[in-house]
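The values are calculated or read from the model by the stated rules, or taken from the named source; none is laboratory data. Since the structure is predicted, the reported quantities are computational estimates derived from the model, not experimental observations. Every residue, glycine as well, gets a Cβ built from its backbone with ideal geometry; the counts of neighbours run over all protein chains shown.
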Amino acid sequence: MPTVTSIPIITATEAAALINDRDIIGFSGFTPAGAAKDIPTAIAARASEEHAQGRPFKIGVVTGASTGDSLDGELARANAMLFRTPYQSCKDLRVQINKGETCFYDMHLSMLPQAARYGFLGKVKYAVVEAASVSEEGEIVLTTSVGASNTFCNVADKILIELNEAHPAELQGLHDIYEPLDPPHRREIPLYSCSDRCGSPVLKVDPEKIIGIVKTNRPDEVGGFKDTDEVTKRIGENVAIFLAEEIKAGRIPKEFLPIQSGVGNIANAVLGALGENPNIPPFEMYSEVVQDSVIGLMRSGDVKFASATSLTVSPPVLKEVYEDLEFFKQRMVLRPQEISNHPEIVRRLGIISINTAIEADIWGNINSTHVMGNNLMNGIGGSGDFTRNAYISIFTCPSVAKGGAISTIVPMVAHLDHSEHSVQVLVTDQGVADLRGKDPAERAREIVDKCAHPEYRDQLHAYFDDVKDGHTPQTLRTAFAMHEAFMQKKDMRGVDWSSKYSK
Ligand code: 0RQ
């Protein structure tokens, strides 16, 4: 599909000049994949100029999930964000959010598009969307992510396109764009397997709304992964052994079920381990992100098909994909995040969800987002969309952080993202706690004995072993004693429940 030139070709600075103080903008991007780059950077420069003149200039920033540095980093450093939603992983932005200088709404990613359509986020004035090509009729071929770009183009008054030559126009056919009707007219989403398609390969927009095309040639700002170390390797192996045993026991069908996997170093290691375990059959993925390890697993035949909303791979791996695009287009589809993360599909397909926790408590509650209860790390992302509706929901984390000074297994999570009702299995480098069918006291013993680091096991047992009150033997007065110990002396070890923290 050739890109037409009847739509004005403008510079990023000209595009930024169209934006006004307090405008709400929906930017493409789900992770740095497919994120707008030149226009947000130019808006950040515009904000700095306005601030230098003593004028206010801040915009509302709505995206699919996290983005790259030229969007979140530039706008944060220019102090140009009125608010930010639904997810971020940018160091400079995180600092601003934790200082209370930028408002951040942490949202389930599947719900962001409908919230934009319902008007819950305010009026989205502009959609700024990266494209591999665009036609006179308003047909846009998206790049390495779909995210919420379809919805932003649908709800925005005006559309600005970043036509990025770093992505080949041959990407056409990789995407499946489908947007549900809103209540009371919504029907079922007609997807019954990972590889089904129910939408259009191109995003169709009203061509009258496209007010400019900015030409660019910039790669996605996706970082590499840390090499798998002993701890992440053991976590991965523990997940793989658990799932292989579930197949053997007949609790997972022998042909296996689709896998969802979170992002980050641990998630990457877990996927690698699934591929290496001879007792796990080749599998499909219904996830939100395709990351580096999946590409290798597609080559080896261990991953048969992957449905996601973004192709978040490091630059050398993206080069490999583009050099053999037909191979990967047969094995991959990128959908809107509303569909990739939709609870209806997750429950229907029987997804096995695997996400990473910051900390877990001995009852099975999970904190995915806040360090020591107050400092935001990234956000809940899609982990809640999948966990709450999974066939089996798994959380992984190392048993300790910060060289052993933090136990990731605590009496009570300092912030709650996923409750004990949604979490079925917890896996650390120490082992696997299977929480299914267990009451709170049984869960506490299972988690401490199987998942806590040996250095913390006696301490954690001492917290609940002798407490006989109630269905959940929690002691509110001492529940955060380990967190308090870390805040006072930078170490959770050696908490004495019988003296200062006596029950
Ligand atoms: O800090 O880098 O300074 O050492 O947290 O921890 O172990 O490298 O793990 O990269 O996999 O990220 C939960 C943040 C894990 C991520 C989280 C410190 C630790 C380290 C990172 P350093 P690791 P990962 C789909 C699903 C929520 C969203 C989600 C996440 C840093 O997986 O954001 O699941 N998940 N989305 O030292 C203090 C603790 C700690 C701790 C770890 N208990 N206390 N610090 N750390 N545990 C994706 C999307 O939705 C797009």
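Would you check if Phe225 is assigned to a loop (DSSP other than H, G, I, E, B) and in contact (Cβ under 8 Å) with a residue 40 or more places away in the chain?
Details: assigned to a loop (DSSP other than H, G, I, E, B): yes; in contact (Cβ under 8 Å) with a residue 40 or more places away in the chain: yes.
Here the answer is yes, as Phe225 does meet what is asked.
Given Glu137, Glu162, which one is crowded, with 21+ Cβ neighbours inside 10 Å, of a type in the set (D, E, K, R) and more than 19 Å from the chain's Cα centre (by Cα)? Don't jump to the end; show me each part of the working.
Numbers: Glu137 fails: crowded, with 21+ Cβ neighbours inside 10 Å.
Among Glu137, Glu162, only Glu162 is crowded, with 21+ Cβ neighbours inside 10 Å, of a type in the set (D, E, K, R) and more than 19 Å from the chain's Cα centre (by Cα).
Out of curiosity, is Gly364 crowded, with 20+ Cβ neighbours inside 10 Å and within 14 Å of the ligand (Cβ to nearest atom)?
On the way: crowded, with 20+ Cβ neighbours inside 10 Å: yes; within 14 Å of the ligand (Cβ to nearest atom): no.
The answer is no for Gly364.
Answer with yes or no whether Leu142 is buried (at least 24 other Cβ atoms within 10 Å of the Cβ), modelled with pLDDT of 95 or more and within 20 Å of Ile380 (Cβ to Cβ).
On the way: buried (at least 24 other Cβ atoms within 10 Å of the Cβ): yes; modelled with pLDDT of 95 or more: yes; within 20 Å of Ile380 (Cβ to Cβ): no.
No; evaluated as a whole, the condition is false for this residue.
Considering only residues of the stretch 39-64 that are surrounded by fewer than 24 Cβ atoms within 10 Å (Cβ to Cβ) and within 24 Å of Gln337 (Cβ to Cβ), which is farthest from the chain's Cα centre (by Cα)?
Among them, the one singled out is Thr41.
Restricting to the stretch 282-315, and then to whatever is within 12 Å of the ligand (Cβ to nearest atom) and of a type outside the set (D, E, K, R), can you tell me which residue is nearest to the chain's Cα centre (by Cα)? First the steps, then the outcome.
At the first step, the residues of the stretch 282-315 found to be within 12 Å of the ligand (Cβ to nearest atom) are 287-291, 308-310, 312.
Narrowing the set further to residues that are of a type outside the set (D, E, K, R) leaves 287, 289-291, 308-310, 312.
Numbers: Ser287: 10, Val289: 7, Val290: 11, Gln291: 12, Ala308: 11, Thr309: 10, Ser310: 10, Thr312: 11 Å.
Residue satisfying both the conditions and the ranking: Val289.
Results for (1) under 17 Å from Ser310 (Cβ atoms); (2) assigned to a loop (DSSP other than H, G, I, E, B); (3) among the basic types (Lys, Arg), shown as yes or no for each residue.
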{"position": "Phe30", "(1), (2), (3)": "yes, yes, no"}
{"position": "Gly34", "(1), (2), (3)": "yes, yes, no"}
{"position": "Ile39", "(1), (2), (3)": "no, no, no"}
{"position": "Ala42", "(1), (2), (3)": "no, no, no"}
{"position": "Glu49", "(1), (2), (3)": "no, no, no"}
{"position": "Pro56", "(1), (2), (3)": "no, yes, no"}
{"position": "Ser66", "(1), (2), (3)": "yes, yes, no"}
{"position": "Gly73", "(1), (2), (3)": "no, no, no"}
{"position": "Ala76", "(1), (2), (3)": "no, no, no"}
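Is at least one residue of the stretch 378-400 aliphatic (A, V, I, L, M), surrounded by 18 or more Cβ atoms within 10 Å (Cβ to Cβ) and more than 17 Å from Ser422 (Cβ to Cβ)? Break it down into steps so the answer makes sense when it comes.
Going residue by residue through the stretch 378-400, those that are aliphatic (A, V, I, L, M) are 380, 390, 392, 394, 400.
Then keep just the ones that are surrounded by 18 or more Cβ atoms within 10 Å (Cβ to Cβ); that gives 380, 390, 392, 394, 400.
Then drop every residue that is not more than 17 Å from Ser422 (Cβ to Cβ), which leaves 400.
So far as the stretch 378-400 goes, yes, one or more of its residues are aliphatic (A, V, I, L, M), surrounded by 18 or more Cβ atoms within 10 Å (Cβ to Cβ) and more than 17 Å from Ser422 (Cβ to Cβ).
Of all the residues that make up the stretch 367-381, how many are more than 9 Å from the ligand (Cβ to nearest atom) and closer than 14 Å to Ser287 by Cα?
Residues that pass the stated criteria total 0.
Under the condition of being in contact with a strand residue (DSSP E or B) (Cβ under 9 Å, 6 or more places away or on another chain) and of a type in the set (A, V, I, L, M, F, W, C), which residue from the stretch 76-95 is farthest from Asp21 (Cα to Cα)?
Leu93
Can you spot a residue in the stretch 104-122 that is without any contact (Cβ under 8 Å) to a residue 40 or more places away in the chain, surrounded by fewer than 21 Cβ atoms within 10 Å (Cβ to Cβ) and of a type in the set (Gly, Ala, Ser)?
Yes, some residue in the stretch 104-122 is without any contact (Cβ under 8 Å) to a residue 40 or more places away in the chain, surrounded by fewer than 21 Cβ atoms within 10 Å (Cβ to Cβ) and of a type in the set (Gly, Ala, Ser).
Has the stretch 450-467 got any residue that is among the β-branched types (Val, Ile, Thr), within 16 Å of the ligand (Cβ to nearest atom) and outside any strand (DSSP E or B)? I'd like the intermediate steps shown before the answer.
So the first thing to find is which residues in the stretch 450-467 are among the β-branched types (Val, Ile, Thr), and the list is 467.
Subsequent filtering for residues that are within 16 Å of the ligand (Cβ to nearest atom) retains none.
Within the stretch 450-467, not a single residue is among the β-branched types (Val, Ile, Thr), within 16 Å of the ligand (Cβ to nearest atom) and outside any strand (DSSP E or B).
Can you tell me which of (1) under 18 Å from the mean Cα position of the chain (by Cα); (2) part of a helix (DSSP H, G or I); (3) within 16 Å of the ligand (Cβ to nearest atom) is the one Val95 doesn't meet?
(1)
Would it be correct to say that Leu334 is touching a residue at least 60 places away in the same chain (Cβ under 8 Å) and either among the basic types (Lys, Arg) or touching a Ser or Thr at 6+ places or on another chain (Cβ under 8 Å) (or both)? Spell out how you get there, then give the answer.
Values: touching a residue at least 60 places away in the same chain (Cβ under 8 Å): yes; either among the basic types (Lys, Arg) or touching a Ser or Thr at 6+ places or on another chain (Cβ under 8 Å) (or both): yes.
So Leu334 passes the test.
When you scan the stretch 41-70, how many residues do you find that are touching a residue at least 12 places away in the same chain (Cβ under 8 Å) and either among the hydroxyl-bearing types (Ser, Thr, Tyr) or farther than 17 Å from Leu121 by Cβ (or both)?
So the count comes out to 19.
Taking Gln330 and the conditions (1) touching a helix residue (DSSP H, G or I) at 6+ places or on another chain (Cβ under 7 Å); (2) within 30 Å of Val141 (Cα to Cα), which numbered condition does it fall short on, given that it satisfies the others?
For Gln330, the failing item is (1).
Sort out which residues of the stretch 200-254 are among the small types (Gly, Ala, Ser) and under 30 Å from Asn164 (Cα atoms), and write them in order of number.
Restricting attention to the stretch 200-254, the residues satisfying the condition of being among the small types (Gly, Ala, Ser) are 200, 212, 223-224, 236, 240, 244, 249-250.
If the condition is that a residue be among the small types (Gly, Ala, Ser) and under 30 Å from Asn164 (Cα atoms), then Ser200, Gly212, Gly223, Gly224 are the ones that fit.
So that you can scan it fast, the table gives a plain yes or no per residue for (1) exposed (fewer than 12 other Cβ atoms within 10 Å of the Cβ); (2) outside the structural domain of Ile406 (by TED's automatic domain parsing); (3) within 29 Å of the chain's Cα centre (by Cα); (4) among the basic types (Lys, Arg):
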residue: Leu426; (1), (2), (3), (4): no, no, yes, no
residue: Asp429; (1), (2), (3), (4): no, no, yes, no
residue: Ile447; (1), (2), (3), (4): no, no, yes, no
residue: Pro454; (1), (2), (3), (4): yes, no, no, no
residue: His461; (1), (2), (3), (4): no, no, no, no
residue: Met482; (1), (2), (3), (4): no, yes, yes, no
residue: Gly494; (1), (2), (3), (4): yes, yes, no, no
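Would you check if Asn238 is among the polar types (S, T, N, Q), under 21 Å from Val333 (Cα atoms), surrounded by fewer than 24 Cβ atoms within 10 Å (Cβ to Cβ) and in contact (Cβ under 8 Å) with a residue 12 or more places away in the chain?
Numbers: among the polar types (S, T, N, Q): yes; under 21 Å from Val333 (Cα atoms): no; surrounded by fewer than 24 Cβ atoms within 10 Å (Cβ to Cβ): yes; in contact (Cβ under 8 Å) with a residue 12 or more places away in the chain: yes.
No.
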